[in-house]
Each structure stands twice: as structure tokens, then as C-alpha cells.
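The values are calculated or read from the model by the stated rules, or taken from the named source; none is laboratory data. What you are looking at is a predicted structure, and each value in this text was computed from that prediction instead of being measured. No Cβ is skipped: glycine too gets one built from the backbone with ideal geometry, and neighbour counts run over all protein chains shown.
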Amino acid sequence: MSELSRARSLAWPLILLLALLTALDAMAIDMYLPGMPAIAQELGASPGRIQQTLSVFLAGLALGQGIYGPLLDRFGRRVPLLLGVVIFVVGSVFGALATSVEALLAARFIQALGAAAGLVTPRAIVADLCDVKESASIFSLLMQVMMIAPIVAPILGAYLLSHADWRAIFWMLAALGTMGLLWGLKAIPDSLPVSQRVPLNPGHIVRAYGRELGNKAFMAYTGSGGFALAALFVYISGSAFVFTQHFSLSPAVFSYVFAGNSVALVLGGVVSNYLLKAGMPTSRVLALGLIVHTASALLLYAVVQADVAGLILYAALIAVSVGSLGMVFGNVTALTMDVAGPQAGTAAALMGMFHYLISAVVGYIVSLAVPGPQVLPVAIGGCGLLAIILYVLAGRCRTVTRSVSELGVVK
């Protein structure tokens, strides 16, 4: 029996529930994309202002991950996770009832604080209950669900828009969260024994984070991954306006274009796995992904400036740029954690915080620009260049660290 089948036979209902909770943030990000133009029109807001709802959501995810880490170690896994789902549902309801951009921004931030629990807690629960091989199988399954969510979410959002207004999307998110909450009340275990829980000691938390902040290789890899993720979210936040307004696609047609790019992202991950199994080093697969991503974005900018970028060429180059990120995320995460200190939980939380914080800041800056077909490739390509620079710096820091270690020098 394969490890994946063995893992499923151990706790299939729990795995399915954790997959649902893990996907809440992706569903909340992608489902409302087809409705962004309609939201802007009804609330009397500019496209850039509506794009800021994504930046606020990412900021909430960044802050939330940092908050839940210590809470999970203090109060166990069950209570913080269920509390997070409640917060997500409340934020979704507020979003459905929003009558102004300011109210929608606040609702999205609340939503994100809740969704962050679904990003952090499932990893801890799986680590508590499973051995290493089973954990790897389940994490792989959860990652597949996260990749499928961006394919399904915009299509579902477009379907809801064709039968109701954009508020129905937030009611659907509230329903998904409620389903996860009711299911979780029955199925989520308190997998961390009371004897292993640690007090909320601010000094200990600060020192743990401080050690990683001083790790140059860790921070450089984290920054590289953060700008790669920012490129993806710039595409997510800006693509709806480009394809529906500049290229005049309907929300339904756009949802299929978006789903196609999500498939490209999955295929990028498949290519990455193939290259790794063929013996290519992780760092080289990462470098290849970053180069293809950045080069295709810059090529797209060139053809837009030359006024030869029709819908097919524009969509194709976007698909290549987005798809190549599938070669980036898993590998940059592996390299980041490889250079992290002994407290992997702290390192993972800090990495997640910076990834989403960088994405939020970049997304906000891009939202200030006038939306147009040239903005996407400039922003995506710029993020790619910064990711490459930080990747190179991380490699140099790693080389210096190894050389010092081999010489037996103690800093």
C-alpha cells in the first residue's frame, strides 16, 4: 500500500476536513475575483481601491500566522483553529453586508485573520498525529487541494455572479466556513498533550524570532520566496481588470482563463518534481523557475509596448510566467527551512509572515497605478528580478556560513 493510501486509511475524514480548512484562504482570495469590477461599480470605487482588498487580506494572513503560532503551543490545536474559523465566518458575513469600500476592507482583514488559522494549524495537527512518511503524504495531498482551489474558486464565483450579485460570493464563503466549523466541532482533535504546552512568554518568543531574523541566508531565501508570491498575487489582483475591461471578456470567460493559468501553475510543480527526480539540484530548479518567470514577464512588457499583444499572446505569456512559479514555491520553501535554526515552527511562522507581508506591500503599491495591460508585466517582472537578486544573495550567505563552519570558526 502506498504511503498516501496508508495515510488516508488512518484518518480520511480528518484529512478531508484539514484540506477544506487549508483551502479557505485560497477560496476567499480567488472566488471574488470575477466580481471585482462589479464591486467597484456598486461601491463607487476605483479599480485600484478594490485591489487593495486583496492587499489587506494578505496583511491579515501575515499577521494572523504570527499570532496563531504561540497560541497553538499554549492552548493546543483545537481551540485556536475553531476560533479562527469563527472569525473567518464573521468576516465573510461582514463582507456580504458591506456598503462601502472601507467596510469591505475591514471585512477582508477580519476574514484573513480567521483564514490564517487554517494555514498554520493543519500542519501542526498532522505533525502531532503522524510519523514523517505519513506527514509527507498528507502534506502533499493538502498542497494538491490548495492548487485545485484557485481552479475551482473563480469558476464558482462566476457562476454565482450569473445567478446573483457579488454579495452571494461572500455568503458562499460564510457557508463554507460554517460547514468547516460544524464539522470541526466533531472531528478536530486536541492533538497537543497538556504536558507539552508552553506558556506565552513574550521574551522567549522574541528571542526565537530574533535568532531567525539574524540568519542572513534564511532571510534572503524568505525574501526571494516573498517576492515570488507577491508576483502571483499581483497577477491575481490585477488580471480581472485587464481581461474584463481591456480585452472585454465576460466574468464567465475570465474565470476559465484564470483557471487555465492555475492549471499552468500545477504543471509547473509537475515539471519541478520531474527535474528533482532526474537529479537536478533544488537550487538550480528554483533558479530556472525564477528565470523563466521573469523573462516571460519582461517579454510580455516588450510586446505590449510594441502594441502587438493580442489576447492570445498576452494570455499565453502570462500563463508561462505564472506557471513557472510552480517551480519556485516548493523549492524556495525547502531551501529556506534547510538553513533555518532548530525551531522549525518559529521559522515557518516567520517565513509565512514575511511572504504575505511582502505580498501585501507590493500589492498595495501596484494598486496605486492606473490599471492597464502594461502594469501586470512590469510588476510581475520587477518582483521576479528582486527574487533572483535575493536568491543569489542567499546562496552567497549560505556558502560563507558553510565555509566558516568547516573552518571551525565560532562567531
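Here are the numbers for the structure shown:
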item: Single condition Ser237 does not satisfy, out of (1) at pLDDT below 85; (2) farther than 30 Å from Gly382 by Cα; (3) crowded, with 19+ Cβ neighbours inside 10 Å; result: (2)
item: Single condition Met280 does not satisfy, out of (1) assigned to a helix (DSSP H, G or I); (2) modelled with pLDDT of 85 or more; result: (1)
item: Filter pass, Tyr235 being aromatic (Phe, Trp, Tyr), under 24 Å from the mean Cα position of the chain (by Cα) and within 29 Å of Ala316 (Cβ to Cβ); result: yes
item: Meets criteria (out of contact with any Pro (no Cβ under 8 Å at 6 or more places or on another chain), outside the structural domain of Ser55 (by TED's automatic domain parsing), surrounded by fewer than 21 Cβ atoms within 10 Å (Cβ to Cβ) and not small (Gly, Ala, Ser)) for Val322; result: no
item: Pair list, Cβ < 9 Å and 6+ apart or interchain, from region 314-342 residues that are in a helix (DSSP H, G or I) to residues that are basic (Lys, Arg) and at pLDDT below 90; result: Leu335/Arg398; Asp338/Arg398
item: Conditions (1) at pLDDT below 90; (2) in contact with a helix residue (DSSP H, G or I) (Cβ under 8 Å, 6 or more places away or on another chain); number of the one not met by Ile388; result: (1)
item: Options Gly372, Gly363: the member that is in contact (Cβ under 8 Å) with a residue 24 or more places away in the chain and crowded, with 22+ Cβ neighbours inside 10 Å; result: Gly363
item: Close pairs from region 144-165: first farther than 30 Å from Val328 by Cβ, partner at pLDDT 80 or above and surrounded by fewer than 22 Cβ atoms within 10 Å (Cβ to Cβ), Cβ under 6 Å, at least 6 apart; result: Leu160/Ala168
item: Options Gly66, Gly91; residue that is crowded, with 24+ Cβ neighbours inside 10 Å and either within 14 Å of the chain's Cα centre (by Cα) or touching a residue at least 12 places away in the same chain (Cβ under 8 Å) (or both); result: Gly91
item: Residue, modelled with the lowest pLDDT, within region 1-56, restricted to residues that are farther than 30 Å from Pro189 by Cα and among the small types (Gly, Ala, Ser); result: Gly48
item: Residue satisfying all of: in region 195-234; buried (at least 24 other Cβ atoms within 10 Å of the Cβ) and touching a Phe, Trp or Tyr at 6+ places or on another chain (Cβ under 6 Å); farthest from Ala309 (Cα to Cα) among these; result: Thr222
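Listed here are the residues, each with its yes/no results for (1) in the same structural domain as Ala38 (by TED's automatic domain parsing); (2) modelled with pLDDT of 85 or more; (3) part of a helix (DSSP H, G or I).
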| residue | (1), (2), (3) |
| --- | --- |
| Arg74 | yes, no, yes |
| Val79 | yes, yes, yes |
| Leu83 | yes, yes, yes |
| Val89 | yes, yes, yes |
| Thr99 | yes, yes, no |
| Leu104 | yes, yes, yes |
| Ile110 | yes, yes, yes |
| Gly118 | yes, yes, yes |
